[in-house]
Each structure stands twice: as structure tokens, then as C-alpha cells.
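Taken together, the values in this text are just the output of simple stated rules run on the coordinates, not laboratory data. This one's a predicted model, so the numbers in the text were calculated from it and none came from an experiment. Heads up, the Cβs are rebuilt from the backbone with ideal geometry, glycines too, and the neighbour counts pull from every protein chain shown.
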Amino acid sequence: MDLEQKRFTMIDEGFVCAVCGASVEKLGKTARDHCPHCLCSLHLDINPGDRSADCGGVLRPIGVVNAKKGLQIEYKCEKCGNVKRNITAPDDDYDMICQVSANK
Ligand SMILES: [Zn+2]
Ligand SMILES: [Zn+2]
């Protein structure tokens with residue numbers, strides 16, 4: 001398969017969390033897609049990091065999934081109800097992850 005066709009953009013950038021107001025630094029290795037403090041994210045991506053969803057709703061963590069790749073946070077969009085998963089980042093607040101996983 002042609003590598004060019006497989007390419008998709010990962011935008012790694014710092015942002016100010018729309019939910020808790022923390023300023024979040026970019027992650028470096030992979031796209032920062034959620035706030036490490038409150039774990040919330042925004043519905044901006046269709047594929048990870050592509051910023052091509054036009055919803056913009058707040059993705060609230062609803063659960064934690066133990067996947068092969070590692071822990072994933074399951075989100076539900078407050079606006080459109082879409083359910084998405086993001087892989088956890090190394091500096092995610094561990095207490096928050098525990099809280100979310102106990103929510104289910
Ligand atoms: Zn936050
Ligand atoms: Zn949405």
C-alpha cells in the first residue's frame with residue numbers, strides 16, 4: 001500500500017481546556033487529545049488528530065477500557081451523543097482515571 005495514502009495528520013498542540021480551564025502543554029510523541037486534569041476532550045476529530053469534525057461538543061469521559069494497546073478512555077459527546085475512545089496519556093491524572101472507571 002502507498003504510504004502517502006495512509007497518511008493522516010496528527011496535530012499535537014497545546015490548548016486551554018474548555019472544561020476545567022487548565023492550560024495543557026502539547027505531548028510531543030503523539031497528539032494531545034484530551035485534558036490530563038479532568039480527562040475531558042472536545043469533539044474535533046473524526047480520525048485521531050485530524051480536526052475535521054465540525055461538532056465541537058465536549059466529550060465527557062464515561063468509562064475506561066482496558067484495551068490491548070493500553071488503557072483507553074471512553075467518551076460521550078454532550079452535543080451529538082457520539083461515543084469515542086482516546087488512549088490515555090502518560091501524564092493523565094490517575095485519580096481521575098480511577099474515578100471514571102468506577103463510574104460505570
Ligand atoms: Zn480539563
Ligand atoms: Zn459531537
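Just want the ordering: SER41, SER101, from fewest to most Cβ atoms lying within 10 Å of their own Cβ.
On the way: SER41 24, SER101 16.
Least to most surrounded, the residues fall as SER101, SER41.
7 Å from Cα along Cα→Cβ at both ASN82 and LYS69: what's the point-to-point distance in nm?
Reported label-point gap for ASN82 and LYS69 is 1.6 nm.
Would you mind checking the tilt of helix 94-103 against the longest principal axis of the Cα atoms of the chain, expressed as 0 to 90 degrees and rounded to 10?
Taking Cα atoms only, the helix is inclined about 80 degrees.
Could you grab the relative contact order for region 7-103? Cα pairs under 8 Å, six or more apart, rounded to a whole percent. Intermediate values should be presented prior to the final figure.
On the way: 189 pairs, mean separation 20.6, N = 97.
Computed over region 7-103, the figure is 21 percent.
About the Cα centre of the chain, how large is the charge dipole given +1 on each Lys and Arg Cβ and -1 on each Asp and Glu Cβ? Please answer in debye to the nearest 20.
Numbers: 14 positive and 15 negative charges, 70 e Å.
In total the dipole reaches around 340 debye.
Starting from the amide H of CYS40, placed 1.01 Å from N in the peptide plane, find each other amide H under 5 Å away whose residue is 5 or more places distant or on another chain.
Result for CYS40 returns CYS35.
What residue among ALA22, GLY70, LEU39 has its Cα farthest toward the positive end of the dipole of region 7-103, where the charges are +1 on Lys, Arg and -1 on Asp, Glu, each on the Cβ?
GLY70
Could you work out the local net charge near LEU44, counting Lys and Arg as +1, Asp and Glu as -1, over the other residues with Cβ closer than 12 Å to its Cβ?
-1
Cross-chain or 8 or more residues apart, Cα under 27 Å: how many lysine pairs in region 19-104 fit that? Count them up, please.
Lysine pairs meeting both conditions in region 19-104 amount to 18.
Per residue of region 75-90, what does 6.51 cos²θ - 1.76 cosθ + 1.60 with θ = phi - 60° give for ³J(HN,Hα)? Whole Hz please, x for Gly and Pro, Karplus curve as stated.
After applying 6.51 cos²θ - 1.76 cosθ + 1.60, I find 10, 10, 6, 5, 8, 10, x, 4, 9, 10, 10, 10, 6, 5, 9, x Hz.
Could you please tell me the mean projected area of the C-alpha convex hull for the chain, averaged over all directions and given in square nanometres to one decimal? Let's see the in-between values first.
Numbers: hull surface 28.7 nm².
Its average projected convex-hull area is 7.2 nm².
Kindly provide the helix-only [θ] at 222 nm of the chain, computed as the sum of -39,500 (n - 2.57) over DSSP H runs of four or more divided by all residues, to the nearest 500 deg cm²/dmol?
Working: 2 runs with 14 residues, N = 104.
The per-residue figure over the chain is -3500 deg cm²/dmol.
Quote the FRET efficiency, to the nearest 0.05, computed for LYS29 versus CYS98 with a Förster distance R0 of 41 Å and r equal to the Cβ-Cβ distance. Don't jump to the answer; show the numbers that get you there.
Numbers: r = 24 Å, r/R0 = 0.58.
Once the sixth-power term is evaluated, E becomes 0.95.
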